[in-house]
Amino acid sequence: DEDPRIHAIKTQIRVVPNFPKPGIMFQDITTLLLDPKAFKDTIDLFVERYKGKNISVVAGIEARGFIFGPPIALAIGAKFVPLRKPRKLPGEVIFEEYTLEYGKDRLEMHVGAVEPGERALVVDDLIATGGTLCAAMNLLERVGAEVVECACVIELPDLQGRQRLNGKPLYVLVEYH
Ligand code: PRP
């Protein structure tokens, strides 16, 4: 059965029609952040799931994975590694390209941030087509880390992003159809 905290979390996510373009129902988590109880419950639900699982790295995806990832990392005693959009990281990077609706984007990770054999959790606010999470997992696996799971606040199941994760487990709090 659903955790009673999840209903309030879902209520605090604002859906903005036709943003950033016509036809998109934008899932706005900034309204969730305005409710300290719901924001804390969101972090707590992830922490309860991942504490004691020997996870040494939380990798957060720019931009909104930078909001949810660090408090989870601190609470479970893991390091935080930002996976960034192009040309933001100053050190040597590896990158993975992924396809968007129009064109391509890429995620970059600092070389040396993650060691072979580390157990990693990937965090983002939302999975749509799954391309972003897939690129994130590839970065971690290329440096020899084991991706334990991907965690998102919201899933858009109709876009079937889960099927692009090559069987890797995905945990979400809220589904939006
Ligand atoms: C959104 C969201 C995820 C990604 C999911 O970010 O925060 O990172 O899309 O989409 P996918 O599953 O189809 O790959 P966006 O690309 O809008 O970038 P932003 O965080 O810089 O706004």
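Please treat every number below as a calculation from the coordinates, not as lab data. Treat the numbers as computed from the prediction; the structure is a model and nothing was measured. Counting neighbours? That spans all protein chains shown, and the Cβs are built from the backbone with ideal geometry, glycine included.
Quick notes
- Scanning the range 80-99 for residues that are free of Cβ contacts under 8 Å to residues at least 24 places away in the same chain, under 19 Å from Gly65 (Cα atoms) and outside any strand (DSSP E or B) turns up Lys85, Pro86, Arg87, Leu89.
- Test: Ala78 is buried (at least 19 other Cβ atoms within 10 Å of the Cβ), in contact with a strand residue (DSSP E or B) (Cβ under 8 Å, 6 or more places away or on another chain), farther than 14 Å from Cys150 by Cβ and among the small types (Gly, Ala, Ser): yes
- If the condition is being more than 15 Å from the ligand (Cβ to nearest atom), among the hydrophobic types (A, V, I, L, M, F, W, C) and within 17 Å of the chain's Cα centre (by Cα), then the range 76-94 contributes Ile76, Ala78, Phe80, Val81.
- Within the range 123-147, restricting attention to residues that are crowded, with 20+ Cβ neighbours inside 10 Å and farther than 17 Å from Glu62 by Cβ, the residue that is farthest from the ligand (Cβ to nearest atom) is Ala145.
- The range 101-122: number of residues that are within 9 Å of the ligand (Cβ to nearest atom) and exposed (fewer than 11 other Cβ atoms within 10 Å of the Cβ): 1
- Candidate set: the range 61-75, residues that are small (Gly, Ala, Ser) and within 10 Å of the ligand (Cβ to nearest atom); chosen: the one farthest from Leu121 (Cα to Cα): Ala63
- From the options Val57, Val15, residue that is of a type in the set (A, V, I, L, M) and within 16 Å of the ligand (Cβ to nearest atom): Val15
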